[in-house]
Structure formats: C-alpha cells, structure tokens
Amino acid sequence: MFGRYEGDISYTDDAVSVRLEKTSELPRYVRSCRGENAEKALPSGRGLIIINPVEPVNLPLPLARHLEIAFLPISLPPGAHQKLFLSFPIEIGVFLEAGRDVHVLDLFSLSETKFSLYGSPDAGLITRWHTSGLHTAPPAVSRYQEGILELTIRNSSPETVDVSRAVFDSDSMHLFYGDFVEMAGDMEVYSPMIARTRVRTLPPRAGMERCIELYTAKKIPVVQGKGFLMEFGVA
Amino acid sequence: MIPVNFSALTPAGTDAFFALIQSDENVIGTTSPAEVISFVVAVIFAYIIGVAAAFYLKRRFSHKMKKDQLDFWIKAVRVLLVIAAISVTIPAFFDASLTIIAGIVIGLVAVFALAGQKIITNFLCGIAIRYEHPFTSGDYITAGETSGTVVSITPFATIVRTTNGVSVHIPNEKVYAGDVSNFYLNVARRYDYELGIRYRDDIGQAIRIITGMLDSYQFVLKYPAPEAFVSDLADSSVKIKVRVWFPSAWAHTQDDVSLRTHILPEIKRALEAAGIAIPFPQRVVWFGNETQKNRPDDR
C-alpha cells in the first residue's frame, strides 16, 4: 500500500481497502477502514498520489502533539546505555502531489487510539498513549498498524533510574518505511524527572523510504535537533 | 438637481489651489498650507497601504492564525502605518501656538469626560484581560450567567457565542471584575458522575464493569486513570461515584451535556447487561398491627 502512484491504486485486505475508481466523470478515491469510509473526487489531470505512514497524533481528532510510549520499567545504572526496540502506533496518510504542493487527501489508522496526560492538568500535555513490549531485537508488528522504534536510552544521572516511558514530539518525528515502518531515537536521562528524547533524521537501515511529514516545524533545523524535554518523570 | 461646485476643477480653481499651497501664509501656528496638505495626503496614503496590507495578511495567514490574533496584527500594522505617516509629517505642527495645543488637549479631555467613566474602565479592563490572558478566543468560558465560546476580545467588550448560537457582548469590566471559569485553559478536565446500585448487587463487580467500560473509551484518559468508588450508603441505593478525565480540547468541543449522554447511557447498559440494576427511590412503611412474622426479613 505504501508508495507513490501515478496510475491505479487498488489495495484490499481484511481491515482496509484503498482504491481509485474510474467513473465516466471524475476519478474517485475510495477508502474503507474499520467500518469507516472516505470518498473524494479527484481532478481529471490529477498529480501523483502518495501513501505513507505519518505521525500518529492526528486521529480521531488532533488532540495531542506528542506520542507517549509506555513499557516495562527498566533500571539503568549511572552511565549505562541500553538499545531497545519498541512498537508505536502509526497512522496512514494519503497525499495528492501537484507541482510543489502536497495536499492531505485522507488520514486513517488501523490502531486503537488512547490519550493520556503527561504531567499536571495545568502544566502538562495530552499525549497519544501506546503500550509497547520491551524487546532487544525488532519485534514482529503488523505493517499497517504499528511501527518499530529503535531507542537508545542513556542514563547521564548519578543514580540508578527506572525508565518506563518515553515521550516524543511530533514536530521532530521522522518516519521511514521499507518492509516495516521504523524510526530511530535517543533518550538521555538526566534525572528520574527529566530526560530528553530525540528522533534521528537518518533512517534506521539503508534503503528505507522517508515519509512525508505533516508537521512543518521539523523543517527548521533548530527544532529538529532540540527534541523533546520530558520534565514530568520517566517512570 | 444636486448643486455641484466645479470651480475647484476649473483652471482658475486649480491656479488658486496651487497658489494656496505656495503661499507663505500660515494656517495653523507656523504651519504652511503645503505642510497641512502633505500631512493629509500622508495619512490617506498610510490608510490605503494599511487596507492593502490587511488584505494581504488575511489572504496569507487566515488559515494559520486565530481570527482575533490576526485581527490584532492587522490593526497593529494599520495603526503603525498611520503613526509612521503622522510622525513623518507632524514636526511641521510643532510650531503651533500654545493656545491651539491647549485647545486640542482640552477638547480631547472633554470628549473623554463626556464618553463616561464606564467606557474608560471597560477599555482598561480590556487591556488587563489581554495582558493577563485568563482566556483567549476559542476558549469555552462561563462569565457571570453567560457560558460559551469566546469569539473575540474587543477594547470594550468580550464577545461570547453561546451553545445555541447567540452572540453575547459582555463589557470587559464585568468580565475582569467577576468570576470567570475557563474550561479550556488546562489541558485536561475531570467530570464526576454519581449513580446508585441495589444493596444486593455486587459492588466490586459494578466497579469493575464501570472502570473497564471507561478504560475502553478512547477519549477517557489513560492517566489519570478513571476512578469508581462507593461514595455513600444512601436510603435506596449504594452510591458509586465515577471520576473521569478528558482532554479539555475534546470536552470543549463536546460540551458537558453531550459527554453525559455518551458516558452515562453506556454505564447503564453495561451494568444492566451484568444484571446490576439502578433502583428507584423507595421507602418501606410498616404498620403497627402487622406481626413480626409477616415481615419479609427480620427488620
């Protein structure tokens, strides 16, 4: 399903169906996913249609701009670092590219949505919540439902810290797809309350395709490098 | 017929006009007619540029900024342009006599005095609201007896659109001096519900059903987790209180009433499916002539 389409689109499995219907009038984009349908007419001289995973913070409503991944607590001694593989939910974006303009045609998701509060109601933020298993090798995931996050956690604090969650800003999220959707990130723990997370701009493995990103702030290099400062705890 | 004086357009009128511009005769203090005309032309020019700038800003940013923020910047640009035009041309007026300046100042004071204290108070309160930011446009607030979404904050009033589509202008003084609840300021908001079950129903099972149902609802926050606990042993039922946290942005778009219509019916259905009933209020009355053995229990 992921890719760039100049001609027909036709993808159907048990959960989702995406196709381009050629009618006597205008071509029509038709999608059905988990009982929800979307239909749009396209201009006859339409451009390229691109389907790729996008930051999982848009559905069913754009209430959160951060992704929070919870996992089994891991105790990290001072100075230690650990590479982990986690799963994260994905949303699928369908784009219409015409010239320099890339327009979002449709967004849908096969994963369940749950929101959470990171921090306090007055100073915290709403996050898209996801629970992941803790793996030392890439886990098996459903390609159109979940992606794989390669996360390296470093404990820079002078004490052993229990880490059981990581929060990422969608502004600096970079997704890539190949056989699976993947991203690679780092988490530097400064104390049990404070850590910084970053998503790397390079693909985790060679040959992966970079996804079109919805959030324009990530085009600013300063924002990209800044990552997200978790100030309300890592466990 | 509308009488029209074309004399200004005639060659003689044009000559008189240019003669007036070129004359050394002062019209205000030491200000010449040419300086007065350049002042007027500069202000008109700044106004036209301001209109063009407003059109451009609206076209460029209307889908990226809140309406009141955009209006604020448009006003700021237009005011700055006019101030720039005035500041370029006004030095010529500095030689105006003290009497004229005093007259203008007294006139302005009189206008403010006539306009009344209320207007000044509302204006100052408007500035205070903008400075303190107790709410912004798009927030759902309750101010006094009015609840609704803030459409804009003008210098003198806050305009609120109620849920039934009525725009209410609340003077800024009332908003600033009164109690204002902003349902949108914090990112999450808690709702409390209370329901009763029969004394013979299993409390633990009821609580498990309620929390399980709430946990599966996508807009109920994972953390803080929903709570359900016995809050009262009332006359006719065991009261269970339910506390649920939602993202304010969602609860804002779906007001409190619709939240209840989603959550409470679902809880009722889930409880009834498990054989747990929500009892009606009831009172058992025993008469003195009834024997103890007729009573269904030992009470």
Picked from segment B:176-185 (must be surrounded by 15 or more Cβ atoms within 10 Å (Cβ to Cβ) and over 13 Å from B:Thr158 (Cα atoms)), the residue nearest to the other protein chains (Cβ to nearest Cβ) is B:Leu185
Among B:Leu57, B:Leu81, the single one that is surrounded by 14 or more Cβ atoms within 10 Å (Cβ to Cβ) and closer than 20 Å to B:Ser152 by Cβ is B:Leu57
Within segment A:131-150, the residues that are within 14 Å of chain B (Cβ to nearest Cβ) and either at positive phi or out of contact with any Leu (no Cβ under 7 Å at 6 or more places or on another chain) (or both) are A:Thr131
When restricted to B:Thr30, B:Thr10, the only residue in contact with an Asp or Glu (Cβ under 7 Å, 6 or more places away or on another chain) and either at negative phi or modelled with pLDDT of 85 or more (or both) is B:Thr30
Based on what the data block shows, is B:Tyr140 of a type in the set (Phe, Trp, Tyr), closer than 29 Å to A:Ile126 by Cα and not assigned by TED's automatic domain parsing to the domain that holds B:Asp235? yes
Pairs returned, first residue in segment A:43-66 that is in contact (Cβ under 8 Å) with a residue 60 or more places away in the chain, second residue that is among the small types (Gly, Ala, Ser) and in a loop (DSSP other than H, G, I, E, B), beta-carbon separation under 6 angstrom, 6 or more apart or interchain, are A:Val57/A:Ala64
Counting only residues that are within 18 Å of A:Cys211 (Cβ to Cβ) and of a type outside the set (A, V, I, L, M, F, W, C), segment A:1-30 contains a total of 4
With the first residue restricted to segment B:239-267 and required to be under 21 Å from A:Pro121 (Cα atoms) and at pLDDT below 75, and the second required to be surrounded by fewer than 18 Cβ atoms within 10 Å (Cβ to Cβ) and polar (S, T, N, Q), Cβ contacts under 7 Å at 6 or more apart or on different chains are B:Asp255/B:Thr163
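A quick yes/no check of all residues on (1) within 14 Å of another protein chain (Cβ to nearest Cβ); (2) among the acidic types (Asp, Glu); (3) buried (at least 19 other Cβ atoms within 10 Å of the Cβ):
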position: B:Ala188; (1), (2), (3): yes, no, yes
position: B:Gly196; (1), (2), (3): no, no, yes
position: B:Arg200; (1), (2), (3): no, no, no
position: B:Ser216; (1), (2), (3): yes, no, no
position: B:Ala234; (1), (2), (3): no, no, no
- Task: Test B:Phe229 against the criterion of being hydrophobic (A, V, I, L, M, F, W, C), outside the structural domain of B:Val151 (by TED's automatic domain parsing) and out of contact with any Phe, Trp or Tyr (no Cβ under 7 Å at 6 or more places or on another chain), and give yes or no.
- Result: yes
Taking segment A:120-130 and keeping residues at pLDDT 95 or above and more than 7 Å from chain B (Cβ to nearest Cβ) leaves A:Thr127, A:Arg128, A:His130
Any residue at all in segment B:152-175 that is under 30 Å from A:Gly124 (Cβ atoms), within 14 Å of another protein chain (Cβ to nearest Cβ) and within 10 Å of the chain's Cα centre (by Cα)?
no
Margin query: Would you confirm, using the coordinates I've provided, whether A:Leu61 is out of contact with any strand residue (DSSP E or B) (no Cβ under 6 Å at 6 or more places or on another chain) and either basic (Lys, Arg) or within 14 Å of chain B (Cβ to nearest Cβ) (or both)?
Written below: yes
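The values are calculated or read from the model by the stated rules, or taken from the named source; none is laboratory data. Being a predicted model, the structure only gives us computed values, none of them experimental. Every residue, glycine among them, receives a Cβ derived from its backbone with ideal geometry; neighbour counts consider all protein chains shown.
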